[in-house]
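No value in this document is a laboratory result; all are computed from the given coordinates. What you are looking at is a predicted structure, and each value in this text was computed from that prediction instead of being measured. With ideal geometry, Cβ positions are generated from the backbone for all residues, glycine too; neighbour counts draw on all protein chains shown.
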Amino acid sequence: MKNKIDIKIIIIIGLLFIIFISPLFIHYSIRKGKSDKILFLPAHSHFGDQAHYMVMLSSIIEDMDLDLTNNYHNARINKTSSAGMYLRGINLDHHTILVNKKTGEKYVWTGIYHYSNLERLSPANRYYPGENVPFSHHPYFTSNIPQKKLAEIDLADFREAPIHPPGLPILASIFLSPFRYSPYIDTAALILAVIVSLVGLYFLYLTLLHYVPDKAFLVTLAIAFGTPIWLYSKTFFTEPFLAAILIIAYYLIMIKKSDIPGGILLGIGFLAKPTFAIIAIVFIAYLLVKREYGRFLRLLIPVIIAGIAILFYNYTILGSPFATTQKFLVGNPLTGFIGVFFDKSSGFFPFAPVLILSFFGFKEFFRKNKEDAVVVSAILILFIILTALWKYWHGMTGYACRLLVPVIPISAIPLVFFLEGRKNAWRLWIFYILLAFSIIINAPAAFDSIYCWKKPPWAIIEHIIKG
């Protein structure tokens with residue numbers, strides 16, 4: 001009997017695995033007028049920062065550098081897959097800073113060009129196609145460079161340095177270098193993202209198993225299929241990688257007391273996105289407050305090494321260890337705080353209503369595991385506040401709460417405490433109802449992410465119903 005049960009479990013897990021990865025190879029078109037609703041095609045990266053991380057990845061594995069000048073050129077003029085299959089030959093704005101090779105003089109790329117005209121024309125002829133208006137005088141051009149100064153810039157003396165952190169493309173290059181020059185390099189990158197996400201979900205399961213064993217598998221499934229994790233697991237944004245890194249680091253540090261591997265993961269997260277440092281600080285502060293100085297040092301050293309690497313990178317690329325390619329622009333905190341939770345197109349709860357129940361599980365979590373609950377609370381509170389303070393808390397482009405994706409798995413820990421025990425069957429029914437809504441919301445986006453970009457969930461569902 002035991003063998004039969006084990007086989008059934010294996011079959012169920014196998015089917016769930018196939019469903020989770022199927023958007024890599026199956027595309028369902030929600031849009032009206034599409035004759036082919038279901039297409040069997042390999043997934044490719046598309047809009048947003050994914051394209052620019054792909055360009056960075058291509059530069060690393062093809063040229064062994066991070067001068068992106070030729071890589072953007074290849075994507076548009078030579079129609080390579082440097083920015084992804086879908087963006088071959090497309091006008092793409094460059095997420096770069098122009099750095100003078102001799103003097104170190106720097107300009108943001110958008111201070112010289114507009115995405116509609118990417119060719120490096122002579123300084124006197126930088127016009128929009130079909131227009132007779134110099135760039136600096138165009139109504140959509142935001143450069144504050146005087147026209148005289150603009151005309152003096154000789155772009156042959158400049159290299160293009162990326163504005164995005166190098167951690168993700170450097171890490172990905174270790175696994176994707178065999179795909180250099182391949183037209184399917186972005187597909188390989190998305191497969192890597194799915195693999196990393198699955199590893200993260202496995203460690204989420206191990207984490208929940210430590211706290212409430214009988215509900216661990218159920219809640220893991222809820223995170224996999226009932227949150228934006230399903231869509232973002234097949235993207236080349238930093239967020240799905242950071243989500244996996246955080247939950248694995250939590251498991252290693254808080255449950256296994258394995259601080260060196262946990263610290264290395266935190267350092268990698270720091271390299272991928274500097275704001276991840278606030279999460280590393282929580283773990284480091286936790287060990288310091290507990291006066292576990294040996295563990296504190298083992299965790300701290302890899303993070304410090306990552307910080308030194310960032311300073312060295314800044315010095316190499318920008319000429320100063322303290323120069324940054326992106327400033328933290330503070331927006332309206334109230335707008336940001338309300339938006340990250342409730343915005344119809346970029347909020348947390350409209351796209352993952354099942355996670356509302358996590359709030360009601362914190363009390364039991366605190367009662368049974370106070371220290372762990374404090375760490376989880378600190379991570380969630382600080383990361384949400386930091387995101388809400390950011391002027392572009394909505395992530396500019398994307399689906400749902402992209403910038404909060406890294407904390408989705410860890411937010412499932414209090415949820416498992418909400419479901420603990422058999423006496424409160426009504427809680428389970430509420431969970432199943434909200435989970436059903438969550439899956440209905442996220443499944444269409446997993447299979448047609450382009451259409452669902454920046455759309456509220458009810459608009460997507462209404463469109464599907466009307467056909």
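Does anyone have the angle between helix 2-21 and the longest principal axis of the chain? Alpha-carbon axes, 0 to 90°, nearest 10? That helix lies at roughly 20 degrees to the long axis. Note on ALA459 and ILE90: with the Förster distance fixed at 30 Å, the Cβ-Cβ geometry gives a FRET efficiency of about 0.65.
Packing here is the average count of other Cβ atoms within 10 Å per residue, and on that basis the peptides 257-265, 14-22, 210-218, highest first, run 257-265, 210-218, 14-22.
Taking 0.36 nm per residue of sequence separation and removing the Cα-Cα distance, the LYS257/TYR315 pair yields an extension gain of 17.4 nm. For SER177 and LYS466, what is the calculated FRET efficiency with R₀ set at 56 Å and r taken between the beta-carbons, to the nearest 0.05? According to the calculation, E is roughly 0.75. Using 0.36 nm per residue and subtracting the Cα-Cα separation, the extra length available between LYS102 and ASN332 on full extension is 78.8 nm.
In this simple spin-label model, placing a label point 7 Å from the Cα along the Cα-to-Cβ direction at both ILE278 and LEU428 gives a separation of 3.8 nm. Given LYS344/LYS454; LYS391/LYS454; LYS273/LYS391; LYS106/LYS273; LYS79/LYS454, which pairs have Cα atoms separated by over 20 Å? Listed pairs above 20 Å: LYS106/LYS273; LYS79/LYS454. With the largest listed first and rounded to whole Å, the semi-axes of the equivalent ellipsoid of the chain from the Cα gyration tensor are 40, 27, 21.
For the chain, take the longest principal axis of its alpha carbons; what is the angle in degrees between that and the long axis of helix 259-272, to the nearest 10 within 0 to 90? Approximately 40 degrees, to the nearest 10.
Comparing Cα centroids, the range 307-370 and the range 434-452 end up 23 angstrom apart. Projecting the Cα atoms of PHE25, LEU204, PHE418 onto the charge dipole of the chain (Cβ charges, centred on the Cα centre) puts PHE418 farthest toward the positive pole. Around the Cα centre of the chain, unit charges on the Cβ atoms of Lys, Arg, Asp and Glu (plus for the first two, minus for the last two) sum to a dipole of about 1160 debye. May I ask for the angle, rounded to the nearest 10°, between helix 185-211 and the longest principal axis of the chain, with both axes built from Cα atoms and the value confined to 0 to 90°? The two axes meet at around 30 degrees. Compute the Cα gyration tensor for the range 365-432, then decide on rounded, prolate or oblate, letting a ≥ b ≥ c be the square roots of its eigenvalues: rounded whenever a/c is under 1.5, prolate when a/b is larger than b/c in the other cases, and oblate in all that remain. Since a/c reaches 1.5 but b/c is at least a/b, the shape of the range 365-432 is classed as oblate. Here the spin labels are modelled as points 7 Å beyond Cα on the Cα-Cβ line, and at ILE308 and ILE10 they lie 4.8 nm apart.
Only helices enter the 222 nm calculation for the chain: every DSSP H run of n ≥ 4 contributes -39,500 (n - 2.57), and dividing by all residues gives -16500 deg cm²/dmol, rounded to 500.
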